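Peer 1: Below is the structure I would like to discuss, written out as structure tokens.
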Amino acid sequence: MAANRTFQFYGIGYGNTPVTVTARVNSTEIFSGEITTIDQPIDPVPYPTPEIANTTVLFSLADSALLNTDFAGSLPMTVVVTGGEGAMFGEIKSNYYQGNVTQDPNAGTVGNFAQCYAGIPTNSESTPDPRSSVAIDGIQQVPPLEKSNGCWVWLIPTGSTLTYNWNIRLGQVGNAVGNSTTYTAPV
């Protein structure tokens, strides 16, 4: 039986005033509000380390029946940044993540989180990144940037819009991996 999943979106806001993010999946708003912000400029040179982007949960999509453990695929996502100087977006994690429970006893559990995607099903760029076909203000990012080998960190200035395909793999409950052939969206 499928379990509802929670997804955590990591990152950090920049500036001396609050940063607000509005996130939509399939045009449905999943979050709108202020995010954790540090009083620093959003200067991309030198580019900030990914560790900064991957330590703070900016917002969550909690207990999603639509994206339960039987769901695998990609959905269009849009994130608008306002206030402050901008925001950096890093990993997207989920509970009930896949893994070998003998080697990782946290896999397939409700209270532990790991990257929501690892390359299966294949995304639009054939990468293990939970974001593919990324555009900032309508400008495609890959190419000219190289394909990622993991999860890229995106620096988005205030007033800009980040769009991408959000890639999600099957979940796992205990040691039972989800089954996309039995997936049904909630009514």
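Peer 1: Against the conditions (1) surrounded by 19 or more Cβ atoms within 10 Å (Cβ to Cβ); (2) within 28 Å of Ala3 (Cα to Cα), where does Gly99 fall short? Just the number, please.
Peer 2: It is condition (1) that Gly99 fails.
Peer 1: Check off (1) at negative phi; (2) part of a loop (DSSP other than H, G, I, E, B); (3) in contact with a strand residue (DSSP E or B) (Cβ under 8 Å, 6 or more places away or on another chain) for Asp43 and give me the number that stays unchecked.
Peer 2: (3)
Peer 1: Separate question: Check whether at least one residue in the range 102-119 is of a type in the set (Asp, Glu), more than 18 Å from the chain's Cα centre (by Cα), modelled with pLDDT of 95 or more and closer than 22 Å to Gly178 by Cβ, and report yes or no. If you could, list the steps in order and put the result at the bottom.
Peer 2: Just the residues of the range 102-119 that are of a type in the set (Asp, Glu), to begin with: 104.
Now restrict to residues that are more than 18 Å from the chain's Cα centre (by Cα): 104.
Narrowing further to those that are modelled with pLDDT of 95 or more: 104.
Narrowing further to those that are closer than 22 Å to Gly178 by Cβ: 104.
Taking every residue of the range 102-119 in turn, at least one turns out to be of a type in the set (Asp, Glu), more than 18 Å from the chain's Cα centre (by Cα), modelled with pLDDT of 95 or more and closer than 22 Å to Gly178 by Cβ.
Quick grid of which residues meet (1) exposed (fewer than 14 other Cβ atoms within 10 Å of the Cβ); (2) assigned to a loop (DSSP other than H, G, I, E, B); (3) free of Cβ contacts under 8 Å to residues at least 24 places away in the same chain:
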| site | (1), (2), (3) |
| --- | --- |
| Gly90 | no, no, no |
| Asn112 | no, yes, yes |
| Pro121 | yes, yes, no |
| Glu125 | no, yes, yes |
| Leu145 | yes, yes, yes |
| Ser148 | no, yes, yes |
| Gly159 | yes, yes, no |
| Thr163 | no, no, no |
| Trp166 | no, no, no |
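Peer 1: Among the residues of the range 50-69, write down those that are in a loop (DSSP other than H, G, I, E, B) and surrounded by fewer than 16 Cβ atoms within 10 Å (Cβ to Cβ).
Peer 2: Our first condition is that a residue be in a loop (DSSP other than H, G, I, E, B); within the range 50-69, this holds for 54-56, 65-69.
Thr55, Ala65, Leu66, listed by residue number.
Peer 1: Of all residues in the range 35-54, which are at pLDDT 90 or above and within 17 Å of the chain's Cα centre (by Cα)? Show your work before the answer.
Peer 2: Step one: list which residues in the range 35-54 are at pLDDT 90 or above, which gives 35-39.
Those that are at pLDDT 90 or above and within 17 Å of the chain's Cα centre (by Cα): Ile35, Thr36.
The values are calculated or read from the model by the stated rules, or taken from the named source; none is laboratory data. Keep in mind it's a predicted model, so treat the numbers as computed, not measured. Cβ sites come from the backbone with ideal geometry, for glycine too, and all protein chains shown count toward neighbours.
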